[in-house]
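Have a look at the structure below before the remarks.
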Amino acid sequence: MNVQVVEPRADILVESTRSIGYTFESALADIIDNSIGNGATHIDVRFSSIIPRYVAILDDGCGMTPDELIIAMRYGSKNVNDQRAESDLGRFGLGLKTASLSQCRKLTVISKKNNVISAASWDLDFIIEQQGWSLKVYNYDEMVSQYKKAIPGILDQLNSYESGTIVIWEDFDKMLEGAIEPDNLFDEKISIARSQLELIYHNFLDKTSKNPIELRFNWLPLVAKDPFLTKHPGTQPLSEEYIDLEGHNIRVKPYILPYLNKLSPSDIELLGTLDDLRNKQGIYVYRNNRLIIWGTWFRLDTKNELNKLARIRVDIPNSLDHIWDIDIKKSTASLP
């Protein structure tokens, strides 16, 4: 038998993975997952809707050495069969690349560890030009000349951290495809993302939680949106249950929300619109405290007026990803 190694064409594979189905907010959440998984407690999302547009996510996590950065930029940088830390929010080692390039044509990562700053970039136009897996690797001076003025203060902030990472998106095409007024569409997507992330990461944004984080959009902190209103005196928490599956515990905790006449305007604002109160009833699946999917009954029931105050929290560990069919985007799941 003859064995031949057949490498995929870089330009075709990268372009095809851009159509996995990320929304802007799910792509952004994938990058923030990496930050949290790497021990970050402060995460800053910087952005500009006017040309030159950019989104930059800066964290104070553990950072990467130059060699670790190259590995992180590789497609499929994780072995899905390896045992992962309980706090790991990633899965395939694809999120950094697929999430970023689903929105833009250029991804740059700058990281600091052991007082060494390194930088590398996937540029789709450069990949097409080189016809190969050509990763741009920058020295310190090249990196400073590109980004010190382009994103004011961000390199200084990274330097002030003992370690950390910046993920930069540039040259947006997919995100703004077909936009008549791209500046307005960019701002609209930022606004939607902010609202979604306040819900997805509400457990981390709660300052009383075990491992709180600070997440800011252009220096404005995000506020936790608790879908169960656990601190409201009218919320009825019901008894929780634990289900054993393959030796791992799944925690199930139901809540009954207060009646509308007991909700203040600020409570309703946390829950969304009155339509959201009905549409977001059902099961909320959390993976390592991060909300994956919400407002569904998984066909166990239908959304109706009688159920609109019922919400069920289900906590699963990352060791059961294969059973719950957690996808690359970490935005869908299937009931086992």
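The values are calculated or read from the model by the stated rules, or taken from the named source; none is laboratory data. As the structure is a computational prediction, the values presented were derived from the model and not from experiment. All Cβ positions, even for glycine, are placed from backbone atoms using ideal geometry, and neighbour counts span all protein chains on display. The protein model used for the area step is the full one, side chains on, heavy atoms only, and it has no ligands, DNA or RNA in it. Shrake-Rupley method; radii C 1.70, N 1.55, O 1.52, S 1.80 Å.
Values computed for the structure shown
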item	result
Rel. contact order, % - alpha carbon contacts under 8 angstrom, at least six apart, the range 121-236	12 percent
Rel. contact order, % - alpha carbon contacts under 8 angstrom, at least six apart, the chain	17 percent
13 Å reach of a label modelled at ASN289, 7 Å along Cα-to-Cβ, counting backbone N of the range 23-44	36-42
Dipole-positive endmost among PRO66, ASN115, ASN307 within the chain (Cβ charges, Cα centre)	ASN307
Under DSSP loop assignment and at most 11 Cβ neighbours within 10 Å, longest chymotrypsin sites (Phe, Trp or Tyr not before Pro)-free interval of the chain	1-218
Where trypsin sites (Lys or Arg not before Pro) fall in DSSP loop in the range 190-266, at most 10 other Cβ within 10 Å	LYS207, LYS210, LYS231
Neighbour cut-off at most 13 other Cβ (10 Å), DSSP loop, GluC sites (Glu not before Pro), the range 154-192	GLU162, GLU177
About the Cα centre, charge dipole magnitude for the chain (Lys/Arg +1, Asp/Glu -1 at Cβ), debye	600 debye
Label-point separation, ILE12 to ASP67 (7 Å along Cα→Cβ), nm	3.5 nm
Percent RCO, i.e. relative contact order, over the range 22-68, from Cα pairs under 8 Å lying at least 6 residues apart	34 percent
Accessible surface, the range 201-290, averaged per residue in Å² (probe 1.4 Å)	57 Å²
Solvent-accessible area, 1.4 Å probe, carbon plus sulfur percent, for the chain	52 percent
Size of electric dipole in the range 120-196: Cβ of Lys, Arg +1 and of Asp, Glu -1, about Cα centre, debye, nearest 20	260 debye
Across LYS112/LYS225; LYS253/LYS280; LYS149/LYS207, pairs whose alpha-carbon gap is larger than 23 Å	LYS112/LYS225; LYS149/LYS207
Residue-averaged 222 nm ellipticity for the chain, from DSSP H runs of 4+ at -39500 (n - 2.57), nearest 500	-8000 deg cm²/dmol
The range 162-258 - charge dipole about Cα centre, Lys and Arg +1 at Cβ, Asp and Glu -1, debye rounded to 20	600 debye
Per-pair calculated FRET efficiency, R0 = 41 Å: ALA179 and VAL5 via Cβ, rounded to 0.05	0.45
Simple spin-label estimate for GLU246 and LEU277 in nanometres, 7 Å along Cα-Cβ	4.0 nm
